[in-house]
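Chemist: I'd like to ask some things about the structure below.
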Amino acid sequence: MVKNILIFLLLLSVGLIAFDIFGAFTENKELSPTAAYYAENAAHEVGAANLVTAIVVTYRGLDTLGEVSILFLTAAIISFMLKFRKEEEMEASDLRPASELFITATQVFTPIILIMGIYIFLNGHLTPGGGFQGGAVIASAFLLMLMAKPRLQLSHRVIARVESISGISYVILGVLGIAFAGGFLDNRVLSLGSFGELMSAGIIPFIYSFIGLKVGAELSNIIGTMSNLQKENN
Amino acid sequence: MVQVILIIGLMLMLLGVYGFMQSKNLLKIVIAFTLFNTGINIIMVSVGYLADAKAPILDKLPDLNEIPNMVDPVPQAMVLTAIVIGLGVTALMLSYVLKLHQEKRSLDINNFKDLKW
């Protein structure tokens, strides 16, 4: 009882403080100097129609590299922590099989979801979306497959290869920027192309494809590890 | 207008705080943390809002020295990062929950008193 009152008091005080701040908040009338710089020059310097992509992949590309490494670290820690026994040692699990309807729907939808994910990361510089979103969509296809067929084993070797090759290619593309353009992860290695085309904005489509593959592999790895642990628990 | 979105974000945040202070189930605590995370993300995006501005996606190349009428893209790029980090944190929390459940076959936080003094 006392605990509930304390929680209520805490919520009330946080709410009051924040309400005060938000009540006094007035939206900006114009862009801040940094944002104005990006708005004015990003389309000419980077050539991407989606300015958020221009910032994430080119202006703040190093941060994105760090972000991808954080995701990799998460996947690594999870597979280290949830270490499971070898496949042959695993006893036959008595997980309830999925329904016929669900399995059929999975067979229909998995390729569509995979293509959707690829579409999202290939068009990251033109439309809302990008490598992280596309990677998450691809991983959701694997999640659906694991739910439909609980005994399915995602091949760790394939996942690890896809992940490391795309990670290394990302860094190599960044180093190419030092050699042929202005600096690390500069996208002007290839020509900027005509604005709004699929093959425009230099190497952004390639970088985002590698990020998408890497994120998709990492998330699938996390999902696969968790599902293995669940099988072991049963 | 932007105040409405700020208040929605604040309410989500408070709901998250209430959730992880009050629930006993470990999975519900994880869900509450993601709610908290989502509330903060909504607030961060709405801070970059400008009245009557469009999304920062251009449909044609602007002229030189022309600033297109659009909202601030910087908070959006930051929130993209924050979402990914949030996803990593959620995955880690879920795997801790799996591990804890494997130890004691229970999701009730009251059963985990080994470090309580």
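Chemist: Quote the FRET efficiency, to the nearest 0.05, computed for B:Phe112 versus A:Asn28 with a Förster distance R0 of 51 Å and r equal to the Cβ-Cβ distance. If you can, show how the numbers build up before the last one.
Modeler: On the way: r = 47 Å, r/R0 = 0.91.
Efficiency, from the Cβ-Cβ distance: 0.65.
Chemist: Please work out the average accessible area per residue across region A:2-233, using the 1.4 Å probe convention, and give it in Å².
Modeler: Working: 11930 Å² over 232 residues.
Heavy-atom accessible area per residue stands at 51 Å².
Chemist: Please give the per residue volume of the convex hull enclosing the alpha carbon atoms of region A:2-233, rounded to a whole number of Å³.
Modeler: Cα convex hull per residue, to the nearest whole number: 200 Å³.
Chemist: Calculate the mean, over all residues of peptide A:127-140, of how many other protein chain Cβ atoms lie within 10 angstrom of the residue's Cβ.
Modeler: The shielding value for this peptide is 1.
Chemist: For B:46-55, what's the mean count of beta carbons from other chains sitting within 10 Å of each residue's beta carbon?
Modeler: Whole-number average of other-chain Cβ neighbours for B:46-55 is 3.
Chemist: For A:Val68, what charge total do you get from the other residues with a beta carbon under 11 Å from its beta carbon, if Lys and Arg give +1 and Asp and Glu give -1?
Modeler: On the way: positive: A:Lys214; negative: A:Asp63, A:Glu67, A:Glu163, A:Glu218.
Within the 11 Å Cβ shell, the charges total -3.
Chemist: Still on this structure: Please say if region A:1-133 is rounded, prolate or oblate, where rounded means a/c under 1.5 for a ≥ b ≥ c the square roots of the C-alpha gyration tensor eigenvalues, and otherwise the choice is prolate for a/b larger than b/c and oblate otherwise?
Modeler: Cα axes put region A:1-133 in the oblate bin.
Chemist: Same structure again: Put +1 on the Cβ of each Lys and Arg and -1 on the Cβ of each Asp and Glu in region A:2-233; which of A:Phe210, A:Ala98, A:Leu173 then has its Cα farthest toward the positive end of the dipole?
Modeler: Checking the options against the dipole of region A:2-233, the answer is A:Ala98.
Chemist: By the scheme Lys and Arg +1, Asp and Glu -1, what is the net charge of all other residues having a beta-carbon under 13 Å from that of A:Phe195? Each step should come with its number before you reach the end.
Modeler: Values: positive: B:Lys60; negative: A:Glu45, A:Glu197, B:Asp59, B:Asp63.
Counting the neighbours of A:Phe195, the net charge comes to -3.
Chemist: Return the average number of partner chain Cβ atoms within 10 angstrom of each residue Cβ along peptide A:18-30.
Modeler: The per-residue average across the peptide is 5.
Chemist: Further question on the same structure: Defining a contact as two alpha carbons under 8 Å apart and six or more residues distant in sequence, what relative contact order in percent does chain A show?
Modeler: The normalised contact order for chain A reaches 27 percent.
Chemist: Add +1 for every Lys or Arg and -1 for every Asp or Glu among the other residues with Cβ under 11 Å from the Cβ of A:Leu126, and state the total.
Modeler: Net charge in that neighbourhood comes out at -2.
Chemist: Same structure again: So, with a 1.4 angstrom probe, what is the percent of accessible area on the protein assembly as shown that is carbon and sulfur? Mind dumping the intermediate values first?
Modeler: Values: 13040 of 18990 Å².
Of all accessible area on the protein assembly as shown, carbon and sulfur atoms account for 69 percent.
Chemist: Further, regarding this structure: Could you tell me how many degrees, from 0 to 90 and to the nearest 10, lie between the Cα long axis of helix B:26-47 and the main elongation axis, the longest principal axis, of the Cα atoms of chain B?
Modeler: 20 degrees
The values are calculated or read from the model by the stated rules, or taken from the named source; none is laboratory data. Treat the numbers as computed from the prediction; the structure is a model and nothing was measured. Note that we place each Cβ from the backbone using ideal geometry, even for glycine, and neighbour counts take in every protein chain shown. Quick note on the areas: whole protein, heavy atoms, side chains included, nothing else; ligands and nucleic acids left out. Shrake-Rupley method; radii C 1.70, N 1.55, O 1.52, S 1.80 Å.
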